[in-house]
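S.K.: Please see the structure below; I have some questions.
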Amino acid sequence: MSQSIFISGAAQGIGAAIAELFYHKGYKVGIYDINTEQADHLAQRLGERAQAGKLDVANYADWQQALQDFNTWAGEINIVVNNAGILYSGAFENTNIEAHHRTININVNGVLNGCHAAFPYLKNASFSRIINLSSASAIYGQADLVSYSASKFAVRGITEGLDVEWQKYGIRVLDIMPLFVQTAMVTDMDAGSIQNMGVNLSPQDVAKQIFKTVQAKDTFLTATHHTVGMKAEMMYHLSRMSPQWMNRVSNLFLSKRK
């Protein structure tokens, strides 16, 4: 029986790239999104090993129903990818508080919901992984992206805690930390960091890293965090070695608008 992967926010962007790659690698693929029309279209285009459905990640009941339906269809759930997310950019004080709250609700509560609802299925699966989409914005808090950056710090914390807590069940909880990716989410983004760092990653780059992470042999030394691209890798390692004041100065420079 082929393994299965359930992806939230899978109708477009990174989620769609993950669905396509894993489908072509022989997986049964769950394409779940709040945009059911796009999800259905992608599933039909991929073929008989793809299943689409509705999922509002901020709604726990949606998660329960979606996972139950996919498990019945696929026979087992092996990998859950918490991909769905949103981003608001610009000066913190000029962004409506409702937008900040929505960012946390989708990016953080959506991941909590997904992990919690998926646990009964992953606990009983022959192979189990949760892959959370974090970000290089979780390396150091980002100006003009404060609530988004904070949400990704939370995802990083959820990942680290559960990767330890669920080790006893054979469930690895890992995250992927790309820099900016060429998706609709970063179009017209109002942040100095994107002007200075650029957008050099494609959704396919992220999907390839997720596949590599899932396929890697699991040992005690297997990393919890996985960066995507040279820039994110350099930022991640430098932040661990540099004193706090140097990290702050570096981020002041990177966030300066041109």
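The values are calculated or read from the model by the stated rules, or taken from the named source; none is laboratory data. In this text, all values refer to a predicted model and were calculated from it rather than measured experimentally. Cβ sites come from the backbone with ideal geometry, for glycine too, and all protein chains shown count toward neighbours.
S.K.: Considering only the range 103-111, I want to know if a residue exists there that is of a type outside the set (A, V, I, L, M), at pLDDT 95 or above and surrounded by fewer than 22 Cβ atoms within 10 Å (Cβ to Cβ).
M.R.: So far as the range 103-111 goes, yes, one or more of its residues are of a type outside the set (A, V, I, L, M), at pLDDT 95 or above and surrounded by fewer than 22 Cβ atoms within 10 Å (Cβ to Cβ).
S.K.: Tally the residues that are buried (at least 18 other Cβ atoms within 10 Å of the Cβ) and either within 14 Å of the chain's Cα centre (by Cα) or on the phi > 0 side of the Ramachandran plot (or both), restricting the search to the range 155-170.
M.R.: 4
S.K.: OK, next. Would you confirm whether or not the range 31-43 contains a residue that is of a type in the set (S, T, N, Q) and crowded, with 19+ Cβ neighbours inside 10 Å?
M.R.: no
S.K.: Test Lys54 against the stated conditions and say whether it is out of contact with any Pro (no Cβ under 8 Å at 6 or more places or on another chain), in contact (Cβ under 8 Å) with a residue 40 or more places away in the chain and basic (Lys, Arg).
M.R.: no
S.K.: Pairs, please: C-beta under 7 Å, at least 6 apart or cross-chain, first residue farther than 15 Å from Leu55 by Cβ and in the range 111-125, second charged (D, E, K, R) and modelled with pLDDT of 95 or more?
M.R.: Ala125/Glu76
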